[in-house]
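Enquirer: First the structure, which I've put down as structure tokens, then a few questions once you've had a look.
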Amino acid sequence: MLLCLVLSAWAVAQAYQSDPVDSNKQVLHNKNLKPVDIYTNKLDAFKTAVKTQHIDTLFIQTQQANSVAEVLSKYSQIFIKSYGAGGLATAGFRGSSANQTAILWNGFNLQSPMLGQADFALLPAGLFENVSIDYGSTSSIYGSGAVGGSVILQNGALFQSGLRSQISYSIGSFNNQQQVLKLWYGNKKTFSSIKIFNQWGDNGYTFLNQGKEQKQTNAKLQQSGLLWDEYLQINTHNQVSLHLWVQGSYRQIPPAVNIPDNKANQQDESLRLSTEWKYMRKLYQLNLRSALLKESIAYRDTNLSKSSANSIQYNTFIENYFHPFQNHFLQLSANYSYTEAHSDAYTESKQQNRLALFASYKIVSNKHKLNSCLSSRKEFINEQDAPLVSSLGFEYTGIKNLKLSYNINQSYRLPTFNELYWNDAFAKGNIHLKPEQGWGEEFTIKYILPKDNFKIIQSEITSTLYNRYMDDFIQWTISNGFSSPMNISQTKSMGLEIQADISFAMKDSRIFMKALYDASQSIIEKSYLNGDASLGKQIAYSPRLKNSITLGANIKSYYVLYNHTYTGIRFTTSDNTAWLDSYIIGNFSIGQNIKIKKTILNYNLNINNAWNENYQVIVSRAVPMRHYQFTLSIKI
């Protein structure tokens, strides 16, 4: 297996010669302590040798009036396929598709059961205190869809924080505005938080089309929502929580460049409700989690009558965590979900029952130098057969200043409702589709440089080699003017990721740098179609290079950030005969946190696409050139 990684690294190098939050924190009831921030995902402890990135809280703060898509595009190694300001934005890891990217909120996957993906443009960054990323497959833990990676959205419980509030107002180019109200209260036993937001924008920006200025049309966005979190620490051993997320969005869908405007618009509504009970003992913990996830989409344009789709999911987890022996940890869990979906393109409402059984066993050496973990998962689905998947990870810290990690895993993705049941005059689903399934591995070296004598310099460098093979890749194909999904190919992805973090800290100042490098090759390795022109070619919209560097400084109450991102060419056809040019984007953020007793005033100015680059992420979909955003926040 390691030989495969070495060969992968060599192949990637040749290709380019030419061109933690501790989830087990306990609530401490000491009135002399500061507020305790509690995160709830205990499964994190079993993700051994999984590369995880936690987005810096300053980065999230500067993007609080934007979407999670903006945060990930600037500050991670994820490629965001954006259709422009206010438009659809999906995520891809390591050459994976949007359907192979999981997004988790309170441990529940928000991928649409009908489309199989999530729109990151509709996720306001200001609703979340913690955004983290798992790179690579975690299918043995999270199940279907967690193939390329997972994005995890979390909020903590600030027990003992007292009563606080925050009001934010943002105004930007193209008449974009947003207001956010946050209220929270925490004492020894309870924590309550409510966040309400409202935003709108015209998004009538100008761009260059064949050297001539053109204005974006039919691009308005209106969005509002509420996120409520409630925690109750009943006693030392019992904690319950309730989470409600309600959101509605209306957006016009702008036409492609040089295509007449058909006045298309779409309305998205979602209701997400989850509850959790945690029973905690010294050697055992029981988690019971349930969620209701409801989504609806209504689409209309001048050429078609209104079409609609909606789905509802009921999800329940029973998670058992054991500490049977010293340095041994075991989790045994089950998940049942029921999904019902309706679409104007289905002949009738469709239902799906899923039962998943999964387990993990982790061993930590006596001196905590070697960790190993084995995880397995099996799902049972009506009318589909899901594979048994496993993962095995090792972490070793016995070498000074080094951490070595190796992970081998299996992954899978079940066909979506649309892929199975779609039926209209132009396309038809395929109930005989098989799940996408495969395996991958990754090897990571993290080097933590020794601190200097004055302890003002901190730095670490992380390098990861990975590869992944997927069989039965699902793709919609056209035959005689009719479209249908098929298992058509085997894909292969391999690459090298490097992350470097350096910071210099002095009395009231900090200067830091984060550099991200991602070189990947994702190709069609085998095809089940005769004469397939995509064989051996790079997968469409999978850039071979994505690099970024973020430079920042905190000087007393002031801060400044500069983010510089390079995205390589993206082939727009499966045979690689057409492509979009690479582009470089620069973004500035400047602000100040002014503290007056217990009140904190923050102002922040963003200059996006500072060098006025004219580019497209998706063919014929215009994106803004230089634009501005100003945010003012008051925390009391």
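Enquirer: Only one residue in PHE174, PHE191 is assigned to a helix (DSSP H, G or I) and either out of contact with any helix residue (DSSP H, G or I) (no Cβ under 9 Å at 6 or more places or on another chain) or crowded, with 20+ Cβ neighbours inside 10 Å (or both), so which one is that? Spell out the reasoning first.
Expert: Numbers: PHE191 fails: assigned to a helix (DSSP H, G or I).
When all the criteria are applied, what remains is PHE174.
Enquirer: Then there is this: Restricting to segment 230-244, name every residue that is buried (at least 21 other Cβ atoms within 10 Å of the Cβ) and under 21 Å from ARG272 (Cα atoms). Talk me through it step by step, then tell me what you get.
Expert: Initially, segment 230-244 is screened for residues buried (at least 21 other Cβ atoms within 10 Å of the Cβ), giving 231, 233, 239, 243.
TYR231, GLN239, HIS243 - these are the residues of segment 230-244 that are buried (at least 21 other Cβ atoms within 10 Å of the Cβ) and under 21 Å from ARG272 (Cα atoms).
Enquirer: When only residues in segment 107-137 that are of a type in the set (S, T, N, Q) and touching a Gly at 6+ places or on another chain (Cβ under 8 Å) count, which is surrounded by the fewest Cβ atoms within 10 Å (Cβ to Cβ)? Steps first, please.
Expert: Step one: of segment 107-137, the residues of a type in the set (S, T, N, Q) are 109, 111-112, 117, 130, 132, 137.
Right, trim to touching a Gly at 6+ places or on another chain (Cβ under 8 Å) and you get 109, 111, 130, 137.
Values: ASN109: 22, GLN111: 21, ASN130: 17, SER137: 35.
Result: ASN130.
To keep it simple, each residue is scored yes or no on (1) modelled with pLDDT of 50 or more; (2) surrounded by 14 or more Cβ atoms within 10 Å (Cβ to Cβ); (3) not in a helix (DSSP H, G or I).
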site	(1), (2), (3)
GLN14	no, no, no
PRO20	no, no, yes
LEU33	no, no, yes
ASP37	no, yes, yes
THR40	no, yes, yes
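Enquirer: Then there's this: How many of the residues making up segment 79-114 are part of a loop (DSSP other than H, G, I, E, B) and either modelled with pLDDT of 95 or more or not aliphatic (A, V, I, L, M) (or both)?
Expert: Quick first cut of segment 79-114, residues part of a loop (DSSP other than H, G, I, E, B) only: 83-88, 93-97, 106-107, 110-114.
Now drop any that are not either modelled with pLDDT of 95 or more or not aliphatic (A, V, I, L, M) (or both), which leaves 83-84, 86-87, 93-97, 106-107, 110-114.
Of the residues in segment 79-114, 16 are part of a loop (DSSP other than H, G, I, E, B) and either modelled with pLDDT of 95 or more or not aliphatic (A, V, I, L, M) (or both).
Enquirer: How many of the residues in segment 511-558 are closer than 20 Å to ASN587 by Cβ and part of a strand (DSSP E or B)?
Expert: Residues of segment 511-558 closer than 20 Å to ASN587 by Cβ: 511-518, 543, 545-555, 558.
Restricting the remaining residues to those that are part of a strand (DSSP E or B) gives 511-518, 545-555, 558.
The total comes to 20.
Enquirer: Search segment 468-483 for residues being among the hydroxyl-bearing types (Ser, Thr, Tyr) and surrounded by fewer than 16 Cβ atoms within 10 Å (Cβ to Cβ), and hand back the single one that is farthest from ARG94 (Cα to Cα). Before you say what the answer is, go through the steps one by one.
Expert: Within segment 468-483, the first condition is being among the hydroxyl-bearing types (Ser, Thr, Tyr), and the residues that meet it are 469, 477, 479, 483.
Checking which are surrounded by fewer than 16 Cβ atoms within 10 Å (Cβ to Cβ) leaves us with 477, 479, 483.
Values: THR477: 24, SER479: 30, SER483: 27 Å.
The extreme case among them is SER479.
Enquirer: Right, something else. Somewhere in segment 575-595, is a residue at pLDDT below 95, of a type in the set (A, V, I, L, M) and open to solvent by 70 Å² or more (accessible area, probe 1.4 Å)?
Expert: No; the residues of segment 575-595 include none that is at pLDDT below 95, of a type in the set (A, V, I, L, M) and open to solvent by 70 Å² or more (accessible area, probe 1.4 Å).
Enquirer: Another question about this same structure. For segment 484-495, how many residues meet the condition of being surrounded by 20 or more Cβ atoms within 10 Å (Cβ to Cβ) and not β-branched (Val, Ile, Thr)? Don't jump to the end; show me each part of the working.
Expert: If we filter segment 484-495 for residues that are surrounded by 20 or more Cβ atoms within 10 Å (Cβ to Cβ), which is where we start, we get 485, 489, 491-495.
Subset that is not β-branched (Val, Ile, Thr): 485, 489, 492-495.
Counting residues in segment 484-495 that are surrounded by 20 or more Cβ atoms within 10 Å (Cβ to Cβ) and not β-branched (Val, Ile, Thr) gives 6.
Enquirer: Now for a separate question. All but one of (1) within 17 Å of GLU419 (Cα to Cα); (2) at pLDDT 95 or above; (3) surrounded by 14 or more Cβ atoms within 10 Å (Cβ to Cβ) hold for GLN351; state the number of the condition that does not hold.
Expert: (3)
Enquirer: Quick test for you: out of SER411, SER405, pick the one residue that is open to solvent by less than 40 Å² (accessible area, probe 1.4 Å), farther than 30 Å from PRO485 by Cβ, modelled with pLDDT of 95 or more and touching a Gly at 6+ places or on another chain (Cβ under 8 Å).
Expert: SER405
Enquirer: Which numbered condition trips up PHE93, out of (1) open to solvent by 10 Å² or more (accessible area, probe 1.4 Å); (2) of a type outside the set (Gly, Ala, Ser); (3) more than 23 Å from ASN155 (Cα to Cα)?
Expert: So the condition that PHE93 fails would be (1).
Enquirer: Being in contact with a Ser or Thr (Cβ under 8 Å, 6 or more places away or on another chain) and part of a loop (DSSP other than H, G, I, E, B) is true for just one of ASN409, ASN430. Which residue is that? If you could, list the steps in order and put the result at the bottom.
Expert: On the way: ASN409 fails: part of a loop (DSSP other than H, G, I, E, B).
Among ASN409, ASN430, only ASN430 is in contact with a Ser or Thr (Cβ under 8 Å, 6 or more places away or on another chain) and part of a loop (DSSP other than H, G, I, E, B).
Enquirer: I'm trying to understand the selection: among the residues of segment 146-164, which are open to solvent by less than 30 Å² (accessible area, probe 1.4 Å) and part of a strand (DSSP E or B)?
Expert: Step one: of segment 146-164, the residues open to solvent by less than 30 Å² (accessible area, probe 1.4 Å) are 146-157, 159, 161-162.
Scanning segment 146-164 gives GLY149, SER150, VAL151, ILE152, LEU153, GLN154, ALA157, PHE159, GLY162.
Enquirer: Go through segment 279-300 and count every residue that is of a type in the set (Asp, Glu) and open to solvent by less than 20 Å² (accessible area, probe 1.4 Å). Walk me through it before giving the result.
Expert: As a first pass, look at segment 279-300 and keep what is of a type in the set (Asp, Glu): 295.
Now narrow it down to the ones that are open to solvent by less than 20 Å² (accessible area, probe 1.4 Å): none.
Number satisfying all stated conditions: 0.
Enquirer: Let me ask something else about it. Tell me, please, whether a residue that is assigned to a strand (DSSP E or B), over 25 Å from the mean Cα position of the chain (by Cα) and farther than 24 Å from ILE312 by Cα can be found in segment 251-262.
Expert: no
Enquirer: Then there's this: Counting just the residues of segment 442-484 that are of a type in the set (S, T, N, Q) and either at pLDDT below 90 or over 25 Å from SER411 (Cα atoms) (or both), which one comes out nearest to the chain's Cα centre (by Cα)? Walk me through it before giving the result.
Expert: Taking segment 442-484 first, the residues of a type in the set (S, T, N, Q) are 444, 453, 458-459, 462-464, 467, 475, 477, 479-480, 483-484.
Filter once more, so that each one left must be either at pLDDT below 90 or over 25 Å from SER411 (Cα atoms) (or both): 453, 458-459, 477, 479-480, 483.
On the way: ASN453: 38, GLN458: 27, SER459: 25, THR477: 28, SER479: 34, ASN480: 37, SER483: 30 Å.
Top of the filtered list is SER459.
The values are calculated or read from the model by the stated rules, or taken from the named source; none is laboratory data. Every value quoted in this text rests on a predicted model; they were computed, and no experiment measured them. All Cβ positions, even for glycine, are placed from backbone atoms using ideal geometry, and neighbour counts span all protein chains on display. The accessibility values were calculated without ligands, DNA or RNA, using every heavy atom of the protein model including side chains. Shrake-Rupley method; radii C 1.70, N 1.55, O 1.52, S 1.80 Å.
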